[in-house]
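Readers should treat all values here as calculations from the given coordinates under stated rules, not as data from a laboratory. This is a predicted model, so every value here is computed, not measured. With ideal geometry, Cβ positions are generated from the backbone for all residues, glycine too; neighbour counts draw on all protein chains shown.
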Amino acid sequence: MLDRPGTSGEPSVRTEDLCKTYGRGETAVHAVQRISVAIERGEFVALCGPSGSGKTTLVNLVGGLTDPTEGRVWVDGKEVGGMSERQRARLRLNHIGFVFQAYNLLPVLTALENAEFPMMLRGVERETRREQVLELFEEIGLEGLHDRRPGALSGGQQQRVAVARAVLGAPALVLADEPTANLDTVASDALLDVMELLNRERGVTFIFCTHDPRVMRRARRIIRLVDGHVERDAEKETGDLPSWVVEPVNS
Amino acid sequence: MKERSFWLRVGWRNLGRHRRRSVITALALAWGFAAVVVLNGIMEGMGTDFIRSGTDLMVGQIRIQHPAYEPERELWDVVGGDGGVPVDLLLERVAADPDVLAAAPRVYGAGIIASDSTSRGGMLMGLDPEREGQVTHFLDGLVEGTLPASGEWEVVLGEELARQLRTGPGEVVVLVAPAADGSLGNELYTVSGIVRTGNPEVDAAQVVMGIDDLQALLALAPGDIHEVVGAAANPWDAAAVARRLSAALADLGPEIEVAAWTEFRPELVDFASLIRGANWIILIIVFLMAAFGVANTMLMGTFERRREFAVMKSLGMRPGHIVVTVVSEALVLGLVAVAAGALIALPLVLWLTHYPVDLTRVAGEQMFMETLFRFVLRVEHSWAFPLRGAAALVVTAVVAALYPAFRAVRVPAAEALAGR
């Protein structure tokens, strides 16, 4: 159904001394401080850490939604920092899928139109994209809901539409910011199943910002951020939940 | 751009999110559009009525004279006569033009008219009453008696002139006038009728008689005339008709000069330009208001949807696509407003076209620029102006949406997604 993302030698994501500071002087907030990480293609990574630790900011920097104060970030070997707004839009359109905590579906579009939206922007023919959307909807339990507007869908259904929107068209990278935060256990598990499947079978790189132990259990690498720094970065077996993940700060 | 209908559909749905606000904005635009169309029609109607009134009353819309006749108006500068242009052929050629309704010959002179009790200066006009009635309307103002019969030495006097002479139908008056041969022509005439044109200068001096009778008084040959006046089917086409006639009559000799009212009543052209200028000012004012209305609505819409624009950006939407999203909404708003405006304007335009409202009883008749002006609310409509107005309204809506669209493009994605 979907093309497999490209597999050049470059990591999916690489950052080098990445910094992001909001505000100036005494009120400055150093959201991200000198983070250098490399995330290879096909990884399933969870960014964890307390609120305000810089997870969302790091994801936004990777997605080119905000500019770093210092440092550099590469996606699929392309440096994001020096790109124009148009080039960043093209990068996001062709390489990155976003999933947000608040679903962020466009309310005037139906589930099908929301899911096919990025493909439409890419110029995929109507018939092709509808076929792909309906096929994926069937896989992720959204069959028969394609004509509904977001307001007529449950939270879990909306989030699955958001995931479909993010992964259709085979992005190399999906950035998911607290995707399970508003979902119940069943919906969370179903959603994670879908993402895991896409990761395993299609090699899509997933980076999650999360507080959810269920997400962290499924992740094969966890990066813990504290105060904008990488406190710990470790690979793990699926199903494990290392104790350091949930340790309080400064413990 | 591909998926054009998709963006229009999205625009339509976005307007539906704040139905009341969208309806109010669309209605404001629709009223503006309807007002512009109806006002333009009324102004055009007034302008045309004014032009018609200024030309149909006496001077006509097309004038054919000897090139030397104006401005001195010497009696001997005639068209036709011995060795000249045959007047019947001239009239035939003029009437043959498809845009000429009718043509009539005239002879002019000046003299003294005396009744039993007093005398006054008079402007003499010899004409063929039947033909003249097809070209001008001043003889419609006959308030007493009958039109002069040719060869019967009858005259029709202006109302004020008759009052000053203390004469009326059936009375005899004496006319004395310098003739073309240098002699002094004089003759007795019977007053057959009194005419009121509404033009004080004309009513105080006009003496109308059969063309043969005036030719005899002024010692002109039977074929000598000073002017042929013509009525054009559309006054605004008169200049083109005059040019065409000039070419068509060229073979009849060099003593013919054809002019349209636009040349011999240039002040009416200025007035028409003034009306059109006023139309443009109204249009600009209304559309400026429309632009602010649309800009306000779209700005509010884009401010409320900051997060959505941030999502669109995160999905890889290019700035141009975001502009298209906002502009599509304005485009739909403009199209809806035009449709609603047309529904409002059409009945009014049709009503005022077919049933003009005569305000003469309230406002009276006014002389303005030597023209009798009657206040009649009549719409003269063409498709060109409403179509241009509709296009202008839609373009205005789209242009007004550009700034809000620019603001939408500039939404900082990360901050908007975080709700900041």
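Considering only chain A, what is the antiparallel percent among its DSSP beta bridges, to the nearest 5?
On the way: 19 of 36 bridges.
Given both bridge residues lie in chain A, the antiparallel proportion sits at roughly 55 percent.
Rg and Dmax of the protein assembly as shown, both derived from C-alpha coordinates alone, stand at 43.0, 134 Å.
The relative contact order of segment B:145-248, computed from alpha carbon pairs under 8 Å that lie at least 6 residues apart in sequence, is 32 percent. Panel order for B:E257, B:E329, B:E201, A:E127, by other beta carbons found within 10 Å of each beta carbon, from fewest to most: A:E127, B:E201, B:E257, B:E329.
So, in Å, what gap is there between the alpha-carbon centers of segment A:183-198 and segment A:140-169? So the separation of the two Cα centres works out to 13 Å. Counts of other chain beta carbons within 10 angstrom of each beta carbon in peptide A:107-114 average 3. Per-residue Karplus couplings for segment A:219-231, computed as 6.51 cos²θ - 1.76 cosθ + 1.60 with θ equal to phi - 60°, are listed in order as 5, 9, 8, 10, 10, 9, 9, 9, 6, x, 9, 7, 8 Hz, Gly and Pro entered as x.
Remark: chain A carries a charge dipole of roughly 460 debye about the Cα centre, counting +1 on each Lys and Arg Cβ and -1 on each Asp and Glu Cβ.
In this structure the amide hydrogen of B:E144, modeled in the peptide plane, comes within under 5 Å of the amide hydrogens of B:I194, none closer than 5 places in sequence on its chain. How about segment A:177-248: which GluC sites (Glu not before Pro) there lie in a loop by DSSP and see at most 13 other Cβ atoms within 10 Å? In loop regions of segment A:177-248 (DSSP not H, G, I, E or B), the sparsely surrounded GluC sites (Glu not before Pro) are A:E237.
Where Lys and Arg each count +1 and Asp and Glu each count -1, what net charge lies around B:E70 among other residues with Cβ under 13 Å from its Cβ?
-3
Evaluated with a Cβ-only charge set (Lys, Arg +1; Asp, Glu -1), chain B carries a dipole of roughly 5460 debye about its Cα centre, given to the nearest 20. Qualifying GluC sites (Glu not before Pro) in segment A:52-122, where qualification requires a DSSP coil assignment and no more than 13 other C-beta atoms within 10 Å, are lacking entirely. For segment B:61-261, the share of DSSP beta bridges that are antiparallel, to the nearest 5, is 80%. So how strong a dipole does segment A:157-251 carry about its Cα centre when Lys and Arg Cβ are +1 and Asp and Glu Cβ are -1, to the nearest 20 debye? Computed about the Cα centre, the dipole is about 300 debye.
Going by C-beta contacts inside 10 Å, put B:D224, A:D233 in order with the fewest on the left. Walk me through the intermediate numbers first.
Working: B:D224 23, A:D233 16.
With the fewest neighbours first, B:D224, A:D233 line up as A:D233, B:D224.
For segment B:61-261, the extents of the C-alpha atoms along the principal axes are 51, 36, 27 Å, listed from largest to smallest.
Among B:P222, B:W280, B:N296, flag the residue with its Cα farthest along the positive direction of the charge dipole of the protein assembly as shown, charges on Cβ as +1 for Lys/Arg and -1 for Asp/Glu. Comparing the listed Cα positions along the dipole, B:N296 ranks first. Projecting the Cα positions of A:Q87, A:M120, A:P11 onto the charge dipole of chain A (unit charges on Cβ atoms of Lys, Arg, Asp and Glu, taken about the Cα centre) puts A:Q87 furthest along the positive direction.
For the protein assembly as shown, lysine pairs separated by 8 or more sequence positions, or belonging to different chains, with Cα-Cα distances below 23 Å total 8. Annotation: the antiparallel percentage among DSSP beta bridges lying fully within the protein assembly as shown is about 70. Annotation for segment B:107-194: GluC sites (Glu not before Pro) lying in DSSP loop with at most 12 further Cβ atoms inside 10 Å of their Cβ do not exist.
Please say if chain B is rounded, prolate or oblate, where rounded means a/c under 1.5 for a ≥ b ≥ c the square roots of the C-alpha gyration tensor eigenvalues, and otherwise the choice is prolate for a/b larger than b/c and oblate otherwise?
Details: a/c = 4.47, a/b = 2.94, b/c = 1.52.
Prolate is the answer for chain B, as a/c is 1.5 or above and a/b outweighs b/c.
Spatial offset of segment B:205-238 relative to segment A:87-119 amounts to 82 Å, using the alpha carbon center of each.
Each of A:T185, A:L134, B:A96 was placed along the dipole of the protein assembly as shown (beta-carbon charges, centred on the mean Cα), and the one lying farthest toward the positive end is A:T185.
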